[in-house]
Structures are given as structure tokens and as C-alpha cells.
Amino acid sequence: MAKASSKKVQSLILLAAVLLLVNNAAAAPAGGFLGSWELISQNAGISAMHTQLLPKTDQIAVFDASVWHISRLQLPQEKRPCFWHHNKLTNQTAEDCWCHSIFYDYNKNAVKALKVQSDTWCSSGGLSADGRLVMLSDGSFLVYGGRDAFSYEYVPVEKESNKAAIAFPFLFETQDFLERPGNPKGRFRLENNLYPFVYLLPDGNVYVFANNRSVVHDPKANKIIREFPQLPGGARSYPATGTSVLLPLYLPRDTYKPVDAEVLICGGSVREGLYLGEEEKRFVNALDDCARMVVTSPNPEWKIEKMPAPRTMADGVLLPNGEVLIINGADLGSGGWHCADKPSLKPMLYRPNAPEGQRFAELAPTDIPRMYHSVANLLPDGKVFVGGSNDNDGYFEFAKFPTELRLEKFTPPYLAPEYAALRPAILEDQSDKAATYGKWVYLRVKSSEPLTINYVQVSIVAPPFVTHGISMNQRMLFLSVIELKNNVAPGVDEVVVAAPPTSALAPPGYYLLSVVNQGIPSHSIWFHLK
Ligand SMILES: *[C@@H]1O[C@H](CO)[C@@H](O)[C@H](O)[C@H]1NC(C)=O
Ligand SMILES: *[C@@H]1O[C@H](CO)[C@@H](O)[C@H](O)[C@H]1NC(C)=O
């Protein structure tokens, strides 16, 4: 069995999932507004393959692969000297003065070129507890999987030595192959278990989903504690590329009560999707279901619902009111170069708490395909940043699905003008912006009508590292509301909530905190959980 060496991890070429370690929403009121789109950049210079919203700035870090040694943005003079790269075929060393990563200011719509030393292609990242962006080598992270890496490992804090990768046979067992008897090329490697979906559970163990199987893993003892029923219908992990979120965790007032954790997985492709696309240029319907399971339940079972349309390579974005936005992707095919067709232009809203049959709503379409290598990130104003799409092995403007350099913002239905009167506004200067575990948090809120305790919620969401249809470290909690005081000042209410009691519920770090009134979220503030 192959093991990932720590060197391999640091070279950042693994297809891996990262997890940051330690250590009842009302649906949006029904209305006619199906959201709207704005083009915020005609040319960001690079195609957004990985993105991470950065705390306390107005910036998103955007990365592309550097393997092609090309983009549409030159490194500015002050970032030179350029990169040097060695071509093994020609045994020649050449200069690469192209920029492969930027900071994008989503308020000013300004691009700032960055210089990244190593290739970030098909890698992963996350924010460390103090809010710095790591590309894997700084902060306390668990990394599961990767191509030929049937293992997991702790990624140590800077300057500490890395312990060896620990074998994790589950990731060996969940690989798919297509047997091709008589074919000189032998069996076709489908994989379908890369970029596993990984969630930290309220008890500190880790849920890992790959292909169509999932387990709870105790990473300290390296023991699989339980295995769940298989999810029928096809394959969900890369390249089949379904999308997944851990649904919002609801923290009870009584901190000794156990917290339920429920996983949602939407779309994916048929097992042989990659083979059909790559070898036969056939693009069949992606999977058209969402499945959810309470993974903390003693009798867990998948509950399967039909989506309005099939989807592969979607991004699942947790919105501050607890709804899930399923955005980007394609109706046909799977992940992989040139393996998909019929871009899914309409985002889909999934309301987890609505009655079954009323959970999905198709929203206003974009006209920009966002397929392989596209991204979506929630912004503090409640809008969603959308970028990327590169179906090509390089930068190609004239392909059927060109390398996409444009950036957009999507405005979800809760920002409709008719809900403006319901929208609370957090008075940031008069509110707690940091807290330690279990402490009370005081928030002052302005609203046109006094809030009522039954309709007010406070959510926190960890901004994820987004790539390949997965949003690593994305995590949302509804905090327990302790008290609501109306009119502490004219037109101002005070909401008192309890910070999460444990780091297994919410790892330390920066969260977007929002006060939600009747399903309508306020603008978020950055909240530092320490
Ligand atoms: C590659 O080029 C270097 C000098 O530029 C030379 O020393 C080396 O032998 C070459 N390697 C191969 C495999 O040709
Ligand atoms: C899960 O996938 C494997 C192939 O990797 C397949 O043999 C098995 O039947 C699938 N399970 C279900 C329930 O579809």
C-alpha cells in the first residue's frame, strides 16, 4: 500500500481534503425575487481554482495552478525576480513571469498580484486559528487522502516536525476501476474517491465520506468507530464530484445536551463518468439527487430527495440563514478535463428545514458557464463570490468552454428589497467581536421593528478553502440565544448568545457572525473564537 510522504504533502500536489482541528432556521419568506447576478471583473488575470476569504480585510485569496507557467497577468516589477522552472523533456530551465495568485478586493474590485512559491494545483488549504492562510504547512490540520495516498496525517504547526502519514485503508478500498478485458491499456482508473468530504464531529471524531461510503474515524487511535450505509445512485467524490456540506449545527442552551450533526451530499456522476467523457466523449446525466443523514444518530440512514436538475461539480455554500446554495457545475458528465457538458447556469437554493417537497428552488441563471475548477464563497454582505472554470489543460480562450477569467457576485433571494425592513444591522462598535469558549457574547442590533426572541437567531460560519466542488473547513453553527433586550437605546436591541462550548463544535479561528431575523440575515461581522 502506498503511503504519502510528508515531502509529497509539502510539495502541494496532492488531491486532498483538509480539516481544521483543535483541538431552527426559518426559511426565507417566500417572494418573487430569485436572486441576481453582477459581473464584478471582466478579467481577474488568473482563473480562480482555489479561493479563501480572508478575515478582517475585504479580500479573497485566489489561486490558480502554476504548472502551465502561464496566466493573463504578469508579475509586477516589485514581485520579481520571476519563477524558474525546469522542463524535464527539453532539459531546459526557463523563466515564468506570470502571476498565479492574487488578492481580490471584493468591495473595490481590485486585483493585487501575489507570488506563490510552490504549485498549488489540486491541493488544499485553510485558515489557521489566528486567521492566516496556510497552504498546508502551518497550523494544526488533518489531511486525508490524495492521489495514491491511502493515508491521513497531521500537518504540524510551523517549525515542528511532521509525524509520518498513518495508513487509512478506507481510501484504498473506495477506489473505482473499470475492468477492460482484452484492452492493451488494461483497466481504467476511475478513482471516484479523491477530495473526500471530511467533517469534524461534535465529539471530536471525524466523519469521512469517499465515493459512496462513509465512516467515523478516531484519528488519535486510528480506529474506524462506525461505518454507515452506502449511498446508492453512483459516485460522489472526485472526479464524480458531488458537493457536500455539514448542515448547520444548532447549539442548545444546555451545553451538556448532545448536538446532532447532519451531512448533505448533492449530485455527482455515474461511476464510469470519467471514462465515458475521456475515452468516448459521451456525457451522460449527472446524478440528480441530494442525500442527507444524521451521522450522530444511533440508526443513521440516507434520506434521498430529487433535485430539480442533475448536477456535477457544484459548490455548496452555507448561507448565514442556514440555507444551502448549490451553485456552478454541469448537468452532464463528470469532473476532469473536457469531461462535462451543459453548464448548470441556475443556482439552486436548498432549505434544509422546509417540509420535504418544498426544499428546492431554482434561482436566476447566469450566462457564464462555471464547470471544472470553479469556486463560490460567501461574502460578509451576504452575497456570494463566484469565479473560475477551466476545462482546459492550460489557458485557452477559444475552447468550447474557455478558461474563465471573469468574476461575478450572486445576490441570494434574502437580499430582496422587500425584506429590507426585516434586515437587522449589527452595531459593530458596540458588539463583542471575540470570545473564548462558552462565554456570553453581547451584540447590539439596529432594526426597524423591535426583534422578538422567537424569530431571532445568531449564526457563525467558518469561511472555507474552496476547490474542486468542496469547501474545506466550511462549518456553520446557530448559537444559543440567552436573552434579548429590546430598546436598550432608541431603535437598538441587545442579543446575548453563548459562544460554542467546545473546540470540537467550533475550532478556534475567525467566523462570519450574522444576526438573522425571520430568515433574513444581517451583514456579517468577523468574530474571533479563541
Ligand atoms: C541537463 O543539462 C545540464 C546542463 O545544462 C547537464 O549538465 C545535464 O547532464 C543535462 N541532463 C540531461 C539528462 O541531459
Ligand atoms: C458503491 O460503489 C461500489 C463500487 O465502488 C459498488 O460496487 C456498490 O454497489 C456501491 N453501493 C451502492 C449501495 O450503490
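The values are calculated or read from the model by the stated rules, or taken from the named source; none is laboratory data. Keep in mind that what you see is a predicted model, and the values were worked out from it rather than measured. Cβ sites come from the backbone with ideal geometry, for glycine too, and all protein chains shown count toward neighbours. Heads up: the accessible areas ignore ligands, DNA and RNA and are worked out on the full protein's heavy atoms, side chains in. Shrake-Rupley method; radii C 1.70, N 1.55, O 1.52, S 1.80 Å.
In the stretch 88-106, which residue that is touching a strand residue (DSSP E or B) at 6+ places or on another chain (Cβ under 9 Å) and open to solvent by 60 Å² or more (accessible area, probe 1.4 Å) is farthest from ligand 1 (Cβ to nearest atom)? Selected residue: 98. Just so you know, in the stretch 398-417 the residues that are assigned to a loop (DSSP other than H, G, I, E, B) and basic (Lys, Arg) include one that is nearest to residue 347 (Cα to Cα), and it is 406.
Answer with yes or no whether residue 519 is surrounded by 23 or more Cβ atoms within 10 Å (Cβ to Cβ) and at positive phi.
Values: surrounded by 23 or more Cβ atoms within 10 Å (Cβ to Cβ): no; at positive phi: yes.
Judged against the criteria, residue 519 is not a match.
The residue of the stretch 308-353 that is farthest from the chain's Cα centre (by Cα), among those that are open to solvent by 10 Å² or more (accessible area, probe 1.4 Å) and under 29 Å from residue 513 (Cβ atoms), is 353. When the criteria are applied in full, residue 170 meets the requirement of being out of contact with any helix residue (DSSP H, G or I) (no Cβ under 6 Å at 6 or more places or on another chain) and open to solvent by less than 60 Å² (accessible area, probe 1.4 Å).
So if I check each of 205, 211, 222, which one is more than 15 Å from ligand 2 (Cβ to nearest atom) and on the phi > 0 side of the Ramachandran plot? Reasoning before the result, please.
Numbers: 205 fails: on the phi > 0 side of the Ramachandran plot; 211 fails: more than 15 Å from ligand 2 (Cβ to nearest atom).
From the options 205, 211, 222, the qualifying one is 222.
Out of the residues in the stretch 489-516 that are within 17 Å of residue 477 (Cβ to Cβ) and of a type in the set (Val, Ile, Thr), which is surrounded by the most Cβ atoms within 10 Å (Cβ to Cβ)? Steps first, answer last, please.
Kept after step one, since they are within 17 Å of residue 477 (Cβ to Cβ), are these residues of the stretch 489-516: 495-516.
Checking the rest, the ones that are also of a type in the set (Val, Ile, Thr) come to 495-497, 502, 515-516.
Values: 495: 25, 496: 17, 497: 26, 502: 17, 515: 29, 516: 25.
For the stretch 489-516, the residue satisfying everything is 515.
Close contacts from the stretch 210-224, counting a first residue that is open to solvent by 40 Å² or more (accessible area, probe 1.4 Å) and a second that is assigned to a strand (DSSP E or B) and modelled with pLDDT under 90, with Cβ to Cβ under 7 Å and a gap of 6+ residues or different chains, come to 222/166.
In the list 426, 460, which residue meets the criterion of being buried (at least 18 other Cβ atoms within 10 Å of the Cβ), touching a Ser or Thr at 6+ places or on another chain (Cβ under 6 Å) and of a type in the set (A, V, I, L, M, F, W, C)? Spell out how you get there, then give the answer.
On the way: 460 fails: touching a Ser or Thr at 6+ places or on another chain (Cβ under 6 Å).
Exactly one residue qualifies, and that residue is 426.
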